[in-house]
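As structure tokens, the structure follows; a few thoughts come after it.
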Amino acid sequence: MRIHAIQTGWVQVRRNQILARKEDGLRVLRTIADREWAPPVPIHAWLVEHPEGLLLVDTGETARVADPGHHPGWHPYFRRSVRFEVRRHEEIDAQLQALGVDTGDVRWVVLTHLHTDHAGGIRHFPQAEVIVDPTEWQAAQGPSGILRGYLPQHWPSALKPHHALYKDGQWGAFERSMRLTSAGDVRIIPTPGHTSGHLSVSISLLECDVLLAGDLSYTQEALLADRLDGVAPSARLAHQTLRTMRRHVGMRPTVYLPSHDPGSADRLARRAFVEPIDRTQGPSAFPGAAGGS
Ligand SMILES: [Zn+2]
């Protein structure tokens with residue numbers, strides 16, 4: 001099995017979005033009000049060459065993001081809290097082509113969640129079986145979906161994703177999972193927090209697992225330090241998932257790959273396992289970080 005890190009451009013958000021300064025109910029407002037930009041981070045999608053078919057995890061952002069009116073002008077988050085840089089040749093279809101892959105040959109597209117920098121390239125895969133968490137699909141619909149930061153108006157109207165239902169039992173520390181492949185070596189696990197229906201994809205190789213974590217945490221460091229981002233709707237759910245994932249990587253040697261972690265592509269290339277130490281048990285490396293739980 002080969003796994004490719006595909007970077008579909010860059011995104012820049014406010015510092016409070018990457019790491020919430022305070023973990024109270026004002027997190028999201030603080031992200032909107034923040035005037036400090038974090039450094040730009042990569043937008044990754046992942047191509048998995050599996051014997052049963054090609055799997056794409058997330059589709060990255062589209063170059064159309066630069067078109068006037070692509071983002072709703074009235075939306076405070078899109079107005080002031082995010083900047084994208086995606087050139088046409090960085091879009092997922094062009095990058096797959098460069099790898100010698102026809103978009104029509106992709107069997108599955110699994111979306112970790114439906115934010116635009118993960119679902120932005122979905123129009124290129126009308127033939128694929130698209131898999132999304134049902135809670136996520138529901139949350140993204142209509143005007144309230146747009147208010148939550150989704151852009152469903154840009155998805156093909158024919159898009160009818162299959163729902164991830166997690167009926168295939170326990171996987172490591174996660175109580176529920178969905179087997180994607182007959183071999184059972186690709187599993188989808190529910191990891192709500194960053195969004196209400198966020199999921200992650202676990203791929204078992206001979207020597208380790210590769211965990212395609214979407215925005216479960218923006219970095220490996222944030223996972224280990226138990227730090228929330230500044231947009232997660234539920235702090236309780238987000239902490240619960242972070243805790244389960246730390247237990248999980250303690251049970252199974254895992255290369256942990258968030259979509260926007262600048263270190264992800266390198267850790268994939270080096271097969272660098274996440275160090276399974278729960279740092280929340282000791283003094284935090286981050287001033288003001290929430291304690292262990
Ligand atoms: Zn996201």
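The criterion of at least 3 residues that are touching a Leu at 6+ places or on another chain (Cβ under 9 Å), crowded, with 16+ Cβ neighbours inside 10 Å and not acidic (D, E) is met by the following helices (runs of 4 or more DSSP H) wholly inside the range 1-118: 92-98. Of the residues making up the range 122-138, those that are touching a His at 6+ places or on another chain (Cβ under 9 Å) and not β-branched (V, I, T) are R123, E129, D133, P134, E136, W137.
Of the residues in the range 226-238, not one is outside any loop (DSSP other than H, G, I, E, B), under 30 Å from L147 (Cα atoms), in contact with a strand residue (DSSP E or B) (Cβ under 8 Å, 6 or more places away or on another chain) and in contact (Cβ under 8 Å) with a residue 24 or more places away in the chain.
Residue count for the range 112-147 under the criterion of being touching a residue at least 60 places away in the same chain (Cβ under 8 Å) and within 16 Å of the ligand (Cβ to nearest atom): the result is 17.
Somewhere in the range 51-60, is a residue touching a residue at least 24 places away in the same chain (Cβ under 8 Å), of a type outside the set (A, V, I, L, M, F, W, C) and closer than 21 Å to P143 by Cα? Can you show your working first?
Keep residues of the range 51-60 that are touching a residue at least 24 places away in the same chain (Cβ under 8 Å), which gives 51-60.
After this cut, where a residue has to be of a type outside the set (A, V, I, L, M, F, W, C) as well, the list is 51-53, 58-60.
Still in the list and also closer than 21 Å to P143 by Cα: none.
Within the range 51-60 (the criterion being touching a residue at least 24 places away in the same chain (Cβ under 8 Å), of a type outside the set (A, V, I, L, M, F, W, C) and closer than 21 Å to P143 by Cα), the answer is no, since none of the residues qualifies.
Note on the range 239-259: residues that are within 16 Å of the ligand (Cβ to nearest atom) and open to solvent by 10 Å² or more (accessible area, probe 1.4 Å) total 1.
Here is a yes/no grid of residues against (1) assigned to a loop (DSSP other than H, G, I, E, B); (2) open to solvent by less than 80 Å² (accessible area, probe 1.4 Å); (3) under 17 Å from G69 (Cα atoms); (4) not small (G, A, S):
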{"position": "T135", "(1), (2), (3), (4)": "no, yes, no, yes"}
{"position": "Q138", "(1), (2), (3), (4)": "no, no, no, yes"}
{"position": "P143", "(1), (2), (3), (4)": "no, no, yes, yes"}
{"position": "I146", "(1), (2), (3), (4)": "no, yes, yes, yes"}
{"position": "L159", "(1), (2), (3), (4)": "yes, yes, no, yes"}
{"position": "Y166", "(1), (2), (3), (4)": "yes, yes, no, yes"}
{"position": "G169", "(1), (2), (3), (4)": "yes, yes, no, no"}
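Scanning the range 202-238 for residues that are open to solvent by 20 Å² or more (accessible area, probe 1.4 Å), over 17 Å from T31 (Cα atoms) and of a type in the set (D, E, K, R) yields E207, E221, R236.
Select, from G149, G197, G172, the only residue that is at positive phi, under 15 Å from the mean Cα position of the chain (by Cα) and of a type outside the set (S, T, Y). Before the answer, list the steps.
Working: G197 fails: at positive phi; G172 fails: under 15 Å from the mean Cα position of the chain (by Cα).
Residue meeting the stated conditions: G149.
Which count do you get for residues in the range 171-201 that are within 16 Å of the ligand (Cβ to nearest atom) and part of a strand (DSSP E or B)? Spell out how you get there, then give the answer.
Restricting attention to the range 171-201, the residues satisfying the condition of being within 16 Å of the ligand (Cβ to nearest atom) are 190-201.
So of that shortlist, the ones also part of a strand (DSSP E or B) come out as 190, 199-201.
Adding up the residues that qualify gives 4.
Residue-level check: of (1) among the small types (G, A, S); (2) within 16 Å of the ligand (Cβ to nearest atom); (3) modelled with pLDDT of 95 or more, S204 misses just (2).
The values are calculated or read from the model by the stated rules, or taken from the named source; none is laboratory data. Everything quoted here is computed from the prediction, not taken from an experiment. No Cβ is skipped: glycine too gets one built from the backbone with ideal geometry, and neighbour counts run over all protein chains shown. Each accessible area value is taken on the protein alone, full model and side chains, heavy atoms only, with ligands, DNA and RNA left out. Shrake-Rupley method; radii C 1.70, N 1.55, O 1.52, S 1.80 Å.
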